Structures are given as C-alpha cells and as structure tokens.
1. In the set 74, 88, 61, which member is in a helix (DSSP H, G or I) and not hydroxyl-bearing (Ser, Thr, Tyr)?
2. Report yes if residue 2 is in contact with a Lys or Arg (Cβ under 7 Å, 6 or more places away or on another chain), open to solvent by 30 Å² or more (accessible area, probe 1.4 Å) and at pLDDT below 80, otherwise no.
3. With the structure loaded, tell me whether residue 147 is open to solvent by 70 Å² or more (accessible area, probe 1.4 Å), assigned to a helix (DSSP H, G or I) and in contact with an Asp or Glu (Cβ under 8 Å, 6 or more places away or on another chain) or whether it fails that test.
4. If you check residue 159 against the conditions, is it modelled with pLDDT of 95 or more, more than 30 Å from residue 63 (Cβ to Cβ) and of a type outside the set (S, T, N, Q)?
5. Pairs only if they're at least six apart or on different chains, beta carbon under 8 angstrom, first in the stretch 100-124 and under 21 Å from residue 159 (Cβ atoms) and at pLDDT 85 or above, second outside any helix (DSSP H, G or I) and of a type outside the set (Asp, Glu); list them, first residue then second.
6. Looking at the stretch 48-83 only, could you name the residues that are open to solvent by less than 30 Å² (accessible area, probe 1.4 Å) and in contact (Cβ under 8 Å) with a residue 40 or more places away in the chain?
7. Any chance you could count how many residues in the stretch 116-125 are surrounded by 15 or more Cβ atoms within 10 Å (Cβ to Cβ) and in a loop (DSSP other than H, G, I, E, B)?
8. In the stretch 5-33, how many residues are modelled with pLDDT of 80 or more and crowded, with 17+ Cβ neighbours inside 10 Å?
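The values are calculated or read from the model by the stated rules, or taken from the named source; none is laboratory data. These numbers were taken from a predicted model, which means no experiment stands behind them. FYI the Cβ positions are ideal-geometry reconstructions off the backbone, even for glycines, and counts take in every protein chain you see. Ligands, DNA and RNA are stripped out before the accessible areas are found, and what is left, the full protein with its side chains, is counted by its heavy atoms. Shrake-Rupley method; radii C 1.70, N 1.55, O 1.52, S 1.80 Å.
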Amino acid sequence: MLFRSVRQRQLAARARHELALTDSAAPAPESIEKLGAMLDSDYVLSGTYLAAGDRRLRLDVTLSSARDGQPLVVVSETGSEDALLDVVAAVGDGLLLGVGLTALSEADRQVARATLPGDPNAVRAYAEGLARMRGFDPLGAVPLFQRVTAIEPEFPLAHAALAEAWRRLGRQADEEREAKLARDHAGGLPRPE
C-alpha cells in the first residue's frame with residue numbers, strides 16, 4: 001500500500017488486523033468495501049505472487065473498486081526472479097493501461113528503479129523489512145534492512161528505513177549513522193524520496 005502519512009500506515013495496519021486480511025489470499029469483495037471505507041479510499045490494490053521452480057515467479061494484481069469490491073483491472077505477469085523489476089514494471093503498465101492511462105516512459109522507469117534495490121535478494125529483504133515496520137516490529141525489521149545494506153551498501157532507502165527502525169528502538173547513535181549514509185547515497189533518487 002502507498003501512504004502519504006504515518007497515520008495512513010497506522011490505519012492500514014489496524015484495518016488489516018480487524019479484517020483479518022492475509023498475504024496469501026485475495027480479499028473478498030465485502031472486505032474490499034470495508035477496507036475502502038476504513039481508509040477513505042476509492043480503490044484497493046491487492047495481489048499475490050507465486051514462486052515457481054527454476055527461479056520463476058508469477059505476479060497477480062487486482063485493482064478493485066472500494067465502492068462495491070468488484071475488480072476493475074486484473075493483471076498477471078510471469079518472469080524470472082532476476083528480472084523482478086521488469087515483471088513489476090509490466091504489471092504497472094498493465095494497471096495503467098487498464099484504467100485508460102499511458103504506460104511509463106523509460107525515463108520514468110529509471111526513476112522508479114532507483115527506489116528499489118537491484119538484487120532480487122535485497123528486494124525481498126527490503127520488502128519484508130518494510131512489512132515488519134508496518135506491523136510495528138522494528139526489532140524484526142533491523143536484520144532485514146541490515147541484509148539489504150550488506151548486499152547493496154549504496155542503496156539509500158534501506159539506510160533510511162534502518163535509521164527509522166533504530167529511531168523507533170531508541171538507538172539514537174545508530175539512527176544518526178544510518179540517516180547520514182542514506183543522505184550520502186541519495187543523489188540518484190527522485191526528489192520526494
């Protein structure tokens with residue numbers, strides 16, 4: 001989920017808990033309606049992935065109307081783990097085209113790629129760390145973010161996330177160190193990041 005504030009993240013975590021939403025199943029239409037009402041959202045984006053043998057994966061994503069819980073756009077893409085960002089980009093293009101917008105330009109794709117690590121193992125650890133943070137588990141997120149910074153030491157958002165985890169744990173010196181590393185490597189990020 002994309003959120004503009006900490007409050008939105010907290011509301012989403014609460015809604016996820018109250019509605020007993022899981023990562024393994026697509027939400028039912030009535031859950032989508034309730035989620036939309038709780039988050040004051042018009043749309044809900046949900047998805048699943050399946051890791052198949054030989055390092056291949058399938059990503060299924062659904063954009064649903066929060067008004068009635070019905071799917072508006074369904075996109076499925078399959079590819080190799082090594083091309084994870086290409087699979088995600090293809091899903092994004094499918095969603096954009098499905099709602100009548102144009103696909104991202106190559107320049108926009110480059111900007112988006114700067115917000116994720118390049119190594120699939122780092123992407124996985126980063127996503128799991130962010131999920132831990134959303135679940136109010138900064139202690140569980142720390143080793144995941146540390147794994148990302150070990151794999152890709154110049155990826156600034158992992159350092160920023162690690163700084164936030166340290167902040168929540170009251171470890172000021174660690175927070176400051178990671179925040180400085182994030183700032184030092186942030187040159188290639190889009191301005192909002």
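1. 88
2. Spelling it out, it is not the case that residue 2 is in contact with a Lys or Arg (Cβ under 7 Å, 6 or more places away or on another chain), open to solvent by 30 Å² or more (accessible area, probe 1.4 Å) and at pLDDT below 80.
3. no
4. Yes, satisfied.
5. Qualifying pairs under 8 Å: 117/155; 122/155; 123/116; 123/117.
6. Scanning the stretch 48-83 gives a single hit, 69.
7. Looking only at that region, the number is 3.
8. Going through the stretch 5-33 one residue at a time, the tally reaches 4.
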